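The values are calculated or read from the model by the stated rules, or taken from the named source; none is laboratory data. Keep in mind that this is a model prediction, so the values were computed, not measured. Ideal geometry is used to build each Cβ from the backbone, glycine not excepted, and the neighbour counts take in all protein chains shown. For accessibility, only protein heavy atoms count, side chains too; no ligands or nucleic acids. Shrake-Rupley method; radii C 1.70, N 1.55, O 1.52, S 1.80 Å.
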Amino acid sequence: MYSFSGVWKAPIDARTGDEAGEAMRELRNVTCIEDLRTIARRKVPRAFFDYAEAGSYSEQTLRANRAGLEAINLRQRVLIDVSARDTVTTILGEPVSAPLALGPVAMTGLEHGNGEILACRAAQAAGIPYALSTMSICSIEDVAEAVEKPFWFQLYVMKDRGFVRALIDRAAAARCSALVVTVDLQVLGQRHNDIKNGLSVPPSLKIGNLINMASKPRWAASVLSGKRWTFGNLDGHVTGMSGVTSLAGWISGQFDPTLNWKDVEWIRSIWPGKLVLKGILDPADAELAVKSGADALVVSNHGGRQLDGARSSISALPRITDAVGSDIEVLFDGGIRSGHDVLRALALGAKACLIGRSYIFGLGAAGEAGVGRAIEVICNELDVGMALTGVNTIGEIDRRILSD
């Protein structure tokens, strides 16, 4: 089982002794992901906290992701020997300590300085994968230089296919072990909070949010001391563009409504490693994912940030695992806030789960140590949930642990 004590590494997450001590004291009182969320809400400026937390439009799908998981009852069993419990399994053929990965989240480095590096380090210390977003603050190369093991890279397929090819080549050069292609962002779903907070394209932060940022001196110190303040994978690679405003304008015109399965075939032909397609909600699309040669798919509605009114990820999962679960590795993303949620998804056929907001709350709360605490909380809950449903290994988890 993962040990929290190995997470804290001061050099990249530099703080004074008093600040570090305060963070550790807060984390000792954390019992669940909601505790981390409460701390992060206090420490992270509203604009960036809302960016990570909010969904699109009326947030119907965002709410459905949580409601769908909470509606699934687990089947309690007793008088079964569960003394040999073990959460180890494999994801994409690689051994992991638990069926969990940190999913790609844009602008992680603005939740906490060097956020991508800190999150990757925490994931690797815990023995699980980390996926770096195309829209990260720290670049592929920044993260690769700062961590010991390969990580995943998430790719947005932009109109500029030459730039996409360059990103793929950079991921390969950095020894990224998997390429996660997001397939549900041909156009951008509107997120009301981002507009109200000035995180539109181009950004135009409102005076209230600037005042709010000024009231978070420790957050400001962490971000200002970070390696970068703009999109590390894009800055300097787009002719005539520099800084968040100009790059954001370029990005807004790069989402590609022509994206189709031929693009996936092209990526498969040039990417040498494992290929994952993220954003599958329909069995028909899952069957096409199998035919594309992808190694895995992620059942996901983009965290409720794209098509509002789409079904919850958990309601889509069993139909997809029934259709293709024996032909491709099925991962799950959408609303995970506890180890019990992981247990529910595994019972419905997922091989492993990706978390986004859960670890971002930990990052905002206490940097690398906060991410480690988020992982630890979820893994501990998974372990207890396995015991109380009468299973010892991840391979034993199936629909029999669910209650009608």
request  = Consider residue 106 carefully, then state whether it is in a loop (DSSP other than H, G, I, E, B), surrounded by fewer than 24 Cβ atoms within 10 Å (Cβ to Cβ) and free of Cβ contacts under 8 Å to residues at least 60 places away in the same chain.
outcome  = yes
request  = Output the number of the condition that residue 271 fails; it satisfies all remaining conditions of (1) over 28 Å from residue 73 (Cα atoms); (2) open to solvent by 60 Å² or more (accessible area, probe 1.4 Å); (3) of a type in the set (A, V, I, L, M, F, W, C).
outcome  = (2)
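Would you check if residue 355 is crowded, with 23+ Cβ neighbours inside 10 Å, over 15 Å from the mean Cα position of the chain (by Cα), of a type outside the set (Gly, Ala, Ser) and modelled with pLDDT of 95 or more? Walk me through it before giving the result.
Details: crowded, with 23+ Cβ neighbours inside 10 Å: yes; over 15 Å from the mean Cα position of the chain (by Cα): no; of a type outside the set (Gly, Ala, Ser): yes; modelled with pLDDT of 95 or more: yes.
When the stated conditions are applied, residue 355 does not pass them.
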query = Which one is farthest from residue 56 (Cα to Cα), of the residues in the stretch 306-341 that are polar (S, T, N, Q) and under 18 Å from the mean Cα position of the chain (by Cα)?
reply = 338
inquiry  = Please go through (1) modelled with pLDDT of 95 or more; (2) open to solvent by less than 20 Å² (accessible area, probe 1.4 Å) for residue 93 and return the number of the only condition it doesn't satisfy.
reply    = (2)
Close pairs from the stretch 76-101: first within 19 Å of residue 399 (Cα to Cα), partner assigned to a loop (DSSP other than H, G, I, E, B) and small (Gly, Ala, Ser), Cβ under 6 Å, at least 6 apart = 77/390; 80/390; 87/98
inquiry  = Of everything in the stretch 109-127, what is open to solvent by less than 10 Å² (accessible area, probe 1.4 Å) and closer than 18 Å to residue 178 by Cβ? Give them in sequence order.
reply    = 116, 119, 120, 123, 126
message = Suppose we keep only residues that are touching a Leu at 6+ places or on another chain (Cβ under 8 Å) and of a type outside the set (A, V, I, L, M, F, W, C) within the stretch 365-380. Which one would you say is most open to solvent (accessible area, probe 1.4 Å)?
response = 373
ask   = residue 297 passes all but one of (1) farther than 20 Å from residue 382 by Cβ; (2) in contact (Cβ under 8 Å) with a residue 60 or more places away in the chain; (3) in contact with a strand residue (DSSP E or B) (Cβ under 7 Å, 6 or more places away or on another chain); (4) not polar (S, T, N, Q); which number fails?
value = (2)
request  = Sort out which residues of the stretch 135-162 are of a type in the set (A, V, I, L, M, F, W, C), in contact with a strand residue (DSSP E or B) (Cβ under 9 Å, 6 or more places away or on another chain) and within 13 Å of residue 104 (Cα to Cα), and write them in order of number.
outcome  = 135, 138, 140, 151, 152, 153, 155
ask   = With (1) farther than 24 Å from residue 86 by Cβ; (2) open to solvent by 40 Å² or more (accessible area, probe 1.4 Å) as the list, and residue 292 as the residue in question, which single condition is left unmet?
value = (2)
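Restricting the search to the stretch 158-186, which residues are aliphatic (A, V, I, L, M), within 14 Å of residue 259 (Cβ to Cβ) and in a helix (DSSP H, G or I)?
Once the filter is applied, which keeps residues that are aliphatic (A, V, I, L, M), within 14 Å of residue 259 (Cβ to Cβ) and in a helix (DSSP H, G or I), the stretch 158-186 yields only 164.
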Test result for residue 404, at pLDDT below 95 and either open to solvent by 30 Å² or more (accessible area, probe 1.4 Å) or among the polar types (S, T, N, Q) (or both) = yes
ask   = Within the set of pairs 6+ apart or on separate chains, which have a first residue in the stretch 132-157 that is assigned to a loop (DSSP other than H, G, I, E, B), a second that is β-branched (Val, Ile, Thr) and open to solvent by 20 Å² or more (accessible area, probe 1.4 Å), and C-beta atoms under 7 Å apart?
value = 133/105
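Among the residues of the stretch 224-267, what is the count of those that are in a loop (DSSP other than H, G, I, E, B), loosely packed, with under 14 Cβ neighbours inside 10 Å and at pLDDT 90 or above? Outline the logic, then answer.
So in the stretch 224-267, the residues in a loop (DSSP other than H, G, I, E, B) come out as 225-242, 253-254, 256-260.
Narrowing the set further to residues that are loosely packed, with under 14 Cβ neighbours inside 10 Å leaves 225, 236, 239-240, 242, 253, 257-258, 260.
Applying the additional criterion that residues be at pLDDT 90 or above yields 225, 257-258, 260.
Residues meeting the conditions: 4.
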task = Name the residue, out of 341, 383, that is of a type in the set (Asp, Glu) and either open to solvent by 10 Å² or more (accessible area, probe 1.4 Å) or closer than 19 Å to residue 83 by Cβ (or both).
result = 383
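Could you check the stretch 11-55 and list, in sequence order, the residues that are modelled with pLDDT under 75 and closer than 24 Å to residue 133 by Cα?
Step one: of the stretch 11-55, the residues modelled with pLDDT under 75 are 11-23.
Matches in the stretch 11-55: 11, 12, 13, 14.
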query = Where residues in the stretch 184-223 are at pLDDT below 90, out of contact with any helix residue (DSSP H, G or I) (no Cβ under 8 Å at 6 or more places or on another chain) and of a type in the set (A, V, I, L, M), which of them is nearest to residue 277 (Cα to Cα)?
reply = 187
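Of all residues in the stretch 118-131, count the ones that are aliphatic (A, V, I, L, M) and in a loop (DSSP other than H, G, I, E, B). Give the steps one after another, and end with the answer.
At the first step, the residues of the stretch 118-131 found to be aliphatic (A, V, I, L, M) are 118-119, 122-123, 125-126, 128, 131.
From the residues that got through so far, the ones that are in a loop (DSSP other than H, G, I, E, B) too are 128.
Residues in the stretch 118-131 being aliphatic (A, V, I, L, M) and in a loop (DSSP other than H, G, I, E, B): 1 in total.
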